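The values are calculated or read from the model by the stated rules, or taken from the named source; none is laboratory data. In this text, all values refer to a predicted model and were calculated from it rather than measured experimentally. We place every Cβ from the backbone using ideal geometry, glycine too, and count neighbours over all the protein chains shown. Only protein heavy atoms, including side chains, enter the accessible area calculation; ligands, DNA and RNA are left aside. Shrake-Rupley method; radii C 1.70, N 1.55, O 1.52, S 1.80 Å.
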2 protein chains.
Amino acid sequence: MHHSGGTIVEPNDLPVKSRHLDMLLAHILYSDKPFMGSVTSPENARDSIEMVRILFGSEEISKNPALLSLISINSPRQFDGGMLGALREYAQANQATLITPFILAGMMSPVTIAGALAQQNAEVLAGIIYAQAVNPGAPVIYGSFMTTVDMQSGSLVFGSPESQIALLAGASLARKYNLPFRSGGMFASSKLTDAQAAYESVMTMLPAIFGNVQFVLHAAGWLENGMTTGYEKFLLDCDFLGAMITLAKGLEVSQDSLAMNAIQEVAPGEHFLETEHTMDHFRTAFYRTQLMDYEDFEQWEAQGGLDATQRASQRVDYLLSIYQQPELDLAIKEGLEDFVLKRKQELETKVFS
Amino acid sequence: MHHSGGTIVEPNDLPVKSRHLDMLLAHILYSDKPFMGSVTSPENARDSIEMVRILFGSEEISKNPALLSLISINSPRQFDGGMLGALREYAQANQATLITPFILAGMMSPVTIAGALAQQNAEVLAGIIYAQAVNPGAPVIYGSFMTTVDMQSGSLVFGSPESQIALLAGASLARKYNLPFRSGGMFASSKLTDAQAAYESVMTMLPAIFGNVQFVLHAAGWLENGMTTGYEKFLLDCDFLGAMITLAKGLEVSQDSLAMNAIQEVAPGEHFLETEHTMDHFRTAFYRTQLMDYEDFEQWEAQGGLDATQRASQRVDYLLSIYQQPELDLAIKEGLEDFVLKRKQELETKVFS
């Protein structure tokens, strides 16, 4: 995981008008990964930019964008005013944006994937051109969030094969424009961390690897079409992402990896365990999962016969017990807290139309 | 599912020496899909060939191979006599073979994937050349069954990222020789039809689709490194395979699928549900799963809150209740039963050395 994303969970217990401040402060205080700014209005975008100025300095963030924020397009063919205003603010401040049509094919686009892609492409390019008109060279990512609807019930379907055809074709379009591409994720429609959730998640994530997707949002934890998240799902997805990094590295071909000496050394039908080549490589040869079980049946049963979700649940407790809050300069922390307090007071007295 | 495979389950309750006859007869009587012949000895291969001669006729099977049989290589660099004899029998009778090194990388090959591939390639080509020496033009498939071993415990690992790099590179090698390729499957190390089983299975099957694999064995039902099978796993895998067929079809680009009229017709922010284009396409636009759940949470909960495995279990009962044995010409059926009876009597009196 290289990025904390934006809305990890929606804090429905906090007032809507100042919630973005609490969410950003939580990103900064509890994690040391990059994060997203608020996009619901230009004011919220300005607050987000101000907070990363306090955190990193004005000069620094104008050179090296600190925020990558998700501008959703209200497909078909519509930006809402708040999002468009936020895009303007971020582009002006040279902060990066992820411009992404939200398309449930069949509902917000034609039901045929080629038509959905044509619409997506026009929408993304419109957003990107707007950002470039505001500030030529403003950093942008070509985004896609496209899945299908069950046309008989109207329900969302994650992990559908058509959505993955769209992913691969969308990645090709972004490459054509020489733009980085966002798609993929470990999406699931399932309500539980069961076999369905895993089938759906891998079905969405693995094509993102094969399609050379540059930015994957929602890469772990999704359940129930994003309506909820699961700690166990999060950890199992993270474990799988480790395997994806190994897969993405591809095949290493060298004189050493071809291992001709080892092949010559081992007699037909014998094993390679004791060759020097194996000794040299066995520690790092293969990705090691932390959550999958490879015991034999008897051992597995003796250890309680746990399924993957139960094992992940045990690890959740362990990881929470060893969590350490990252360090933050005290003056910066106070500066951020003062800013949040001041803005909350201003927002409380503001009358929303 | 286009093929019934070979060993669906190993009938350990039947005598080893005549078990192949019962297995073949079961394939013929209870399914109408193609199947594999026995490979454990040249005699068993001859029995298999004789049974498809009774079933389809000598003339027919010499022109159109009826059997595709799995010749495993005892890696590294060794064919056992029984398998090699079976390969000879099948090649002579112009029946197809799937020549497949059985490689657990790190144990039966170098621990580096490039080395494992080099060895696999030499082994497969040796088998193919042998078949061609016996009968030039004998139909063969370049087979790969390669996975990794957990080098710390010695356990098998299915769905490892390294095994999938090997799959894609193996597919390239087979293409280089202009040979059809066998790999992939819905393999799992998990003992249960849980999230682990699904992660592992999709991780093995989806790269087979992207690698354009021509023949996939063990495409449904595997659990516990193939030591057992699960009805629920089988059905969930089959459901996923339907999605794979849709994925493999790729993107259809045509004037109709680009849907420019529909895009023009729907105002910004409105929906496509009522367009003529949607009406024309919605019934067939998307793959429809039979086992995944897309209800909203409340409906799902009201229907018992079942996980994917529980839903599959219900469908197992339904499918077994509607099973109908395929029809078979009575004279052929009696011919096969007579042959099996005669061979069992011969085998019972035979002394094995």
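Filter the range B:323-339 down to the residues that are open to solvent by 90 Å² or more (accessible area, probe 1.4 Å) and either assigned to a helix (DSSP H, G or I) or facing chain A (nearest Cβ under 8 Å) (or both) and list them by number.
Selection gives B:330, B:334, B:338.
Where the second residue is buried (at least 17 other Cβ atoms within 10 Å of the Cβ) and among the basic types (Lys, Arg) and the first is in contact (Cβ under 8 Å) with a residue 40 or more places away in the chain and within 7 Å of chain B (Cβ to nearest Cβ) and lies in the range A:277-294, which pairs have Cβ atoms under 9 Å and are six or more apart or on separate chains?
From the range A:277-294, the pairs are A:292/A:311.
Results for (1) more than 16 Å from residue B:1 (Cα to Cα); (2) within 8 Å of chain A (Cβ to nearest Cβ); (3) touching a strand residue (DSSP E or B) at 6+ places or on another chain (Cβ under 8 Å), shown as yes or no for each residue.
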| site | (1), (2), (3) |
| --- | --- |
| B:187 | no, no, yes |
| B:191 | yes, yes, yes |
| B:197 | yes, yes, yes |
| B:209 | no, no, no |
| B:223 | yes, no, yes |
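Do we find a residue being crowded, with 24+ Cβ neighbours inside 10 Å, more than 26 Å from residue B:139 (Cα to Cα) and in contact with a His (Cβ under 8 Å, 6 or more places away or on another chain) anywhere in the range B:181-189?
yes
Within the range A:167-185, track down each residue that is within 14 Å of chain B (Cβ to nearest Cβ), among the hydrophobic types (A, V, I, L, M, F, W, C), under 19 Å from the mean Cα position of the chain (by Cα) and closer than 20 Å to residue A:70 by Cα.
Listed by number, the residues that qualify are A:167, A:171.
With respect to residue B:113, is the statement that it is more than 20 Å from the chain's Cα centre (by Cα), open to solvent by 10 Å² or more (accessible area, probe 1.4 Å) and closer than 16 Å to residue B:204 by Cβ true?
yes
Checking the structure you have, find out if any residue of the range A:58-67 is crowded, with 19+ Cβ neighbours inside 10 Å, on the phi < 0 side of the Ramachandran plot and among the small types (Gly, Ala, Ser).
Yes, there is a match, as at least one residue in the range A:58-67 is crowded, with 19+ Cβ neighbours inside 10 Å, on the phi < 0 side of the Ramachandran plot and among the small types (Gly, Ala, Ser).
Scan the helices (runs of 4 or more DSSP H) fully inside the range A:1-106 and keep the ones with 2 or more residues being among the hydroxyl-bearing types (Ser, Thr, Tyr).
Filter on the range A:1-106 gives A:16-30, A:58-63.
Since residue B:288 meets every condition but one in (1) of a type outside the set (A, V, I, L, M); (2) at pLDDT 95 or above; (3) assigned to a loop (DSSP other than H, G, I, E, B), which condition does it not meet?
(2)
Quick check on this structure: which one of B:250, B:304, B:335, B:269 is of a type in the set (Gly, Ala, Ser) and over 36 Å from the mean Cα position of the chain (by Cα)?
Just a single option satisfies the conditions, and that option is B:269.
Here is a check on your reading of the model: is residue B:304 exposed (fewer than 14 other Cβ atoms within 10 Å of the Cβ) and facing chain A (nearest Cβ under 9 Å)?
no
This table checks each residue for (1) acidic (Asp, Glu); (2) more than 9 Å from every other protein chain (Cβ to nearest Cβ); (3) open to solvent by less than 90 Å² (accessible area, probe 1.4 Å).
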| site | (1), (2), (3) |
| --- | --- |
| B:234 | no, yes, yes |
| B:243 | no, no, yes |
| B:251 | no, no, yes |
| B:260 | no, no, no |
| B:263 | no, no, yes |
| B:269 | no, no, yes |
| B:275 | no, no, yes |
| B:308 | no, no, yes |
| B:320 | no, yes, no |
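Determine, yes or no, whether residue B:138 is surrounded by fewer than 24 Cβ atoms within 10 Å (Cβ to Cβ) and either at the interface with another protein chain (Cβ under 9 Å from one of its Cβ atoms) or out of contact with any strand residue (DSSP E or B) (no Cβ under 8 Å at 6 or more places or on another chain) (or both).
In short, no.
Conditions (1) part of a helix (DSSP H, G or I); (2) over 20 Å from residue A:288 (Cα atoms), marked per residue:
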site	(1), (2)
B:121	yes, yes
B:141	no, yes
B:146	no, no
B:162	yes, no
B:169	yes, yes
B:179	no, yes
B:193	no, yes
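I'm trying to understand the selection: among the residues of the range A:283-295, which are surrounded by fewer than 18 Cβ atoms within 10 Å (Cβ to Cβ) and more than 19 Å from residue B:199 (Cα to Cα)?
A:283, A:284
Would you confirm, using the coordinates I've provided, whether residue B:130 is more than 30 Å from residue A:310 (Cβ to Cβ), among the hydroxyl-bearing types (Ser, Thr, Tyr) and not in a strand (DSSP E or B)?
In short, yes.
Taking residue A:213 as meeting all but one of (1) assigned to a loop (DSSP other than H, G, I, E, B); (2) within 13 Å of chain B (Cβ to nearest Cβ); (3) surrounded by fewer than 23 Cβ atoms within 10 Å (Cβ to Cβ), write down the number of the exception.
Status for residue A:213: all satisfied but (2).
With (1) without any contact (Cβ under 8 Å) to a residue 60 or more places away in the chain; (2) closer than 17 Å to residue A:332 by Cα as the list, and residue A:90 as the residue in question, which single condition is left unmet?
(2)
If we keep just the residues of the range B:4-21 that are among the charged types (D, E, K, R) and surrounded by 15 or more Cβ atoms within 10 Å (Cβ to Cβ), which is farthest from residue B:66 (Cα to Cα)?
B:17
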